[in-house]
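Everything on this sheet refers to the single structure shown next.
Every number here is computed from the coordinates shown, using simple stated rules; none is lab data. No experiment lies behind these values; they were computed from the predicted model shown. All Cβ positions, even for glycine, are placed from backbone atoms using ideal geometry, and neighbour counts span all protein chains on display.
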Amino acid sequence: MKRISMALASVGTALVLTVGLAGSSYASADGVFLYTTAGGDQETLDNPSLDRCYNRAGDGHAVNQTNRTALVFRRAGCVGSAERIRPKQHAFDITFESVEFPS
């Protein structure tokens with residue numbers, strides 16, 4: 001009987017750890033953030049992680065096709081003032097050095 005209790009306790013602990021770790025994985029914005037570079041190329045961020053700063057330089061057009069608001073910054077490192085691009089919104093004549101998707 002003691003062995004069965006110990007086995008069940010081990011299984012229960014493993015299950016709690018597995019579910020807990022799966023729930024703590026990094027969240028992301030679902031969708032794609034598209035932008036134009038200074039060279040005229042189109043780049044994308046696919047399912048970008050939330051609360052992570054991406055140092056990506058954009059110059060021209062940006063489209064936020066994610067389910068989260070994008071904050072675009074004129075400086076690298078996501079510092080200074082930011083312009084918001086809401087989900088499914090376009091921004092024209094925009095220049096930025098970094099972008100973040102806050103949770």
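Picking from residues in the range 77-92 that are in contact with a His (Cβ under 8 Å, 6 or more places away or on another chain) and exposed (fewer than 15 other Cβ atoms within 10 Å of the Cβ), the one that is nearest to Thr36 (Cα to Cα) is Phe92. Within the range 62-103, the set of residues being assigned to a loop (DSSP other than H, G, I, E, B) and among the charged types (D, E, K, R) comprises Arg68, Arg74, Arg75, Arg86, Lys88, Glu97. If you filter the range 50-76 down to residues that are touching a residue at least 24 places away in the same chain (Cβ under 8 Å) and over 14 Å from the mean Cα position of the chain (by Cα), you find that the one that is nearest to Val32 (Cα to Cα) is Val63. Could you list all residues from the range 57-76 that are among the charged types (D, E, K, R) and surrounded by fewer than 19 Cβ atoms within 10 Å (Cβ to Cβ)? Across the range 57-76, the qualifying residues are Asp59, Arg74, Arg75.
Counting the residues of the range 28-61 that are more than 19 Å from Ser103 (Cα to Cα), out of contact with any Ser or Thr (no Cβ under 7 Å at 6 or more places or on another chain) and in a strand (DSSP E or B) gives 3.
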